[in-house]
Structures are given as C-alpha cells and as structure tokens.
1. At residue A:395 and residue B:95, where each label point lies 7 Å from the Cα along Cα→Cβ, what is the point-to-point distance in nanometres?
2. Please report, to one decimal in angstroms, the Kirkwood hydrodynamic radius of region A:229-310 built from all distinct Cα-Cα pairs.
3. Once you put a point 7 Å from the Cα of residue A:369 and another 7 Å from the Cα of residue A:221, both along the Cβ direction, what distance in nm separates them?
4. Return the average number of partner chain Cβ atoms within 10 angstrom of each residue Cβ along peptide A:123-130.
5. Could I get the Rg over Rh figure for region A:305-423? Both from C-alpha atoms, Rh via Kirkwood, rounded to two places.
6. Using Cα atoms only, what is the angle between the long axis of helix A:122-136 and the major principal axis of chain A, expressed in degrees (0 to 90) to the nearest 10?
7. Hey, what angle do you get for helix A:97-114 against the long axis of chain A, alpha-carbon based, 0 to 90 degrees rounded to 10?
8. If I histogram all Cα-Cα distances within region A:67-164 using bins 10 Å wide from 0, what percent of pairs lands in each bin?
C-alpha cells in the first residue's frame, strides 16, 4: 500500500517529462499579463500617478505594504512602468525566463497594490496564482525562448524536467472549474434554485452581457436559460474529472476551449479567461506525446528531404547563427552544409559559386529553390515555429529593401562579431 | 534531496491552494469562525465567478452640474482605459465609487477630469427586476461633489 502511494506520487509529480508544453504555455502567460496590464499604462494619470482615482485591496495585501506602495512618488511609477515593460518582454521572449518572471510578477504586485481599480479582478487573482507557480522553476524557458538559443542545445525541445509544476498548473485550472461550479450550487450560489442565466440575458445594455446575436432569443426563454445554466454547472463539475481521464481528455480540452470562446464572445469578462485558460487546458496533453509527435515530424522531414543551409564554416559567427537556426528548427527541416567541406558547390546547386557562398547564407529547398541572404529568413519563417512571430517583420512593407541591406552589412562584418584575433580588420571577408 | 524538496513544496502548495479555495464559504461555516486568509495570493472568497446572480441590477451614474443643469457623463469618458477584448465599464467597475469611503478621492478625480462642471452628483442606480419590469429604475444620490 505504502509502495503504491509512493509510486503514484512519483508518477504524478516527480516523474521526468519534457518541458515543451510549459515553454509554450509561458508565451501565453506573458501575453495575458501584457494584454491585461499594458493598456492601463496608456492612462497613467488616471490609473497610477498621484492624480489617479485609486482603490486598494486589503484582503490581498497587508496594510503596511499598501501604505508603503501608496507613498510612491510619480517617478517610481514611471520607473516601474519601464521596468515592467522590460521584464515582461524578457519573459515573453524567454530571456532569463525565471528571473524575468519573478521581476515581472513583483511589478504586477506593485501595480496591484498601487491601484486595484482597473487590474484587480477575480481572474487577475487567478493569474497571480499561475504567475507564482511560473516563478518557482526555470523550466518554462527550456524552449521557445532566447534562453534555449543561448544554451545552444539543439535537442532542448525534449529536455526532461520533474513534472510537478505542470501538474500543479493542471490542478489549478481543474480545481478552479470545480470550485466555481460548487459555489454556484452551494454556499450562496443560486444556479439550481433560481435562473441566473435568464437574469443575465435580461440585464440592461450597460450590464456585463455583450449584445451578441442570439441574446434576445435567450432573454425571452427562461426555461432554456435554466437548462443552459444547469448544463454549465454540470460541465464545470465534470470537466476536472474528464480532463484527468486519458480517454476523455481530448474531448474535455475541446469542451473547455469552446466554453471560453463562447464566454468571451458573450460576456465582458477579462481577457485572462481567453488568453490564459485555453492554453492552460492544453497542459493536459502529455508532453511525451507532444515530443513523440515532434519526432515523427522530424522523421517525415528526413524522408521528404530537408532544406540545405549553406554557410561559411570558417566563420564563428555563422556557426553560432546556424546553431541558433538548428535549435529553432523544431521539425528538423534544415540540414547544415559548410561549403568548405564540399569539393564543388555546383553539385549542390548549379547557380552557386564559392564566392556567393562566402558572401551570404544560402538555402536550397527540397524542390531545388535557391534563396540567399535575407530572403532565406522569409522562406524559413513559415517552416520554423520559433520564426513565426517574425512573419510580420519579414513581410512588413519595405522590409524587402531594408532587410537585404541590414543582412549585407551584418554578413560583411561577420568576422568582427566573433572578435577573431586573426581577423581584427575584417580582412577575412573578400 | 531534490525529490524531497519538490514533494514538500507540492504538499504545502496543495494545502494552501485548497484551503484558500474553500476557506470562505465552506471552512469558515464548518469551524464557525473566520479562519485566517493567506495574504498576497488568492481572492478573498475563493473562485466565485458569477456564482450568485439575482434579478436586480445595480450600478453607478455620474452627473455633472453646470448653471443649475444636470448632465449625464458617459462612464467611458470617466474611465478611459480600454481593456483588450472587454469593457471594464460593462463589468460595473464604476459601482465601486458609490462607497462614501471613496467619495473624496473620486470627487478630486472628477474635478480634475471635468473642470467645466461646477458640481458632480454620484448616483446609485437600481433595477429591482430586469425580467419583470426592465424599464423600472431607481435613483439614489450617493454623494455630491461640491
């Protein structure tokens, strides 16, 4: 009996599993925090400076902390705005992931203590619980992050970590659903004894319900509203169990995401419900399955033929760049080729020459398409997930002119970037 | 050593999380007293999204007074912060200003935002039944900013 409990505990919390899901989740946590807090910075006078109307949350903070924060001069507010923005961006891109998460969370606490009026909602408290857990370990920086690129470990997408953090995040969201339902049917909740959905649908236009297309239809049908209300409660009670049962898991995740899409389409609820909860539901997907899927895709890339990136193997900067590209290359689409190791580059592509290969990176796609310099990033940003955010940048109007110029400048001075002793004057570039 | 540390963290966290999730509505009545709340994390009453919605609806309205005339001030002009994907005004955030505790601070804020008015009146608005009589609306002046 004791052994089986220890085994169960080990499997539930201590087992090593890939941290890929957590890394993906980090991006959404950062987006959620940003979307919730950053808009409040556009009206500092109204929200945080000495001119603002402020409310305080004494349930959450101690009076000493509130008093201390409320004494902040405006200069401190400006400092924290900048500090939050920087740490938030670092957390988003996964640079010093754990450290930036801790600092960003402290900033969130600062603004919450300074003025709870705009940002302080029940869902904000949920987000802070998530943030607290994210601060505990650096696991979320293992992939989809600058930290992963800095580490230079090409297989960082399958780095194994103790599963406890992901499990606690799973328990957090599952329990939130469960307790939400429990409060609706016990305590002072009235979802079984009354008809809250019906009242909500009939709220005045200034109320919390959006003017969605079927609102009037529902507002005229109390029986239907009651059934919907009870169905919501039943789903919220069942969801935690369905999420933990492997056979029902994918359906439960789908149901949860659908619930949140409907919620934000019909109610004025904070964005947290849309940007945080659905990705948190995805944490129920076993990360081993995700890595298995990635490995399968990598295998398919091998079979279909990979794209060859032709680079200068004598240039440390190029080596580092290729290593970064390969770390980003989750699906194994790229095959690096140092042109110095090739007898004749014409065998790779008839249009290639050693001079061309020396001047810039080249990409030969499986169908033989050749591109070089800046334009290989335009090609790759659709193939490499970590480059997806740059699609907008690479295709921004004018980037076709500015991009090659910047690339050319970097390529021309690349020997200087790695401070090669033999190449102090950039003489290595011909 | 690491496994023990993680296990200890998990146990403590689970205890705190479930304690705070059930403290206000379940543990307090069970023990017959107000149990201590853990500061710096968790809401005061657990996860209670929309848990009790009745047929009444209340909110706040702000009026500017000038030359003896009363003008309704659009709440979006009072709280100009635009949240992404939702409207804080519709979440009834303005109702917080009804508390007389907030009166002086809110009056200061209104005077700064709307210097053109001589006075302001903050009123509580109440719909007794949104289903039976949706047009029926009661007003009560909460306070006047002189």
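1. 4.5
2. Values: mean 1/r = 0.0659 Å⁻¹.
Over region A:229-310, the inverse of the mean reciprocal pair distance is 15.2 Å.
3. 4.9
4. Numbers: counts 3, 1, 7, 4, 0, 4, 7, 0.
For peptide A:123-130, the averaged partner shielding equals 3.
5. Values: Rg = 14.0 Å, Rh = 14.8 Å.
The Rg/Rh ratio comes out at 0.95.
6. 40
7. So the inclination is approximately 40 degrees.
8. For region A:67-164, the pair-distance distribution reads 15, 39, 30, 13, 4.
Just so you know, all these numbers are worked out from the coordinates, no wet-lab data involved. Just so it is clear, the structure is predicted and the values come from calculations on it, not from any experiment. In this analysis, Cβ positions are derived from the backbone assuming ideal geometry, glycine residues included, and neighbour counts consider all displayed protein chains.
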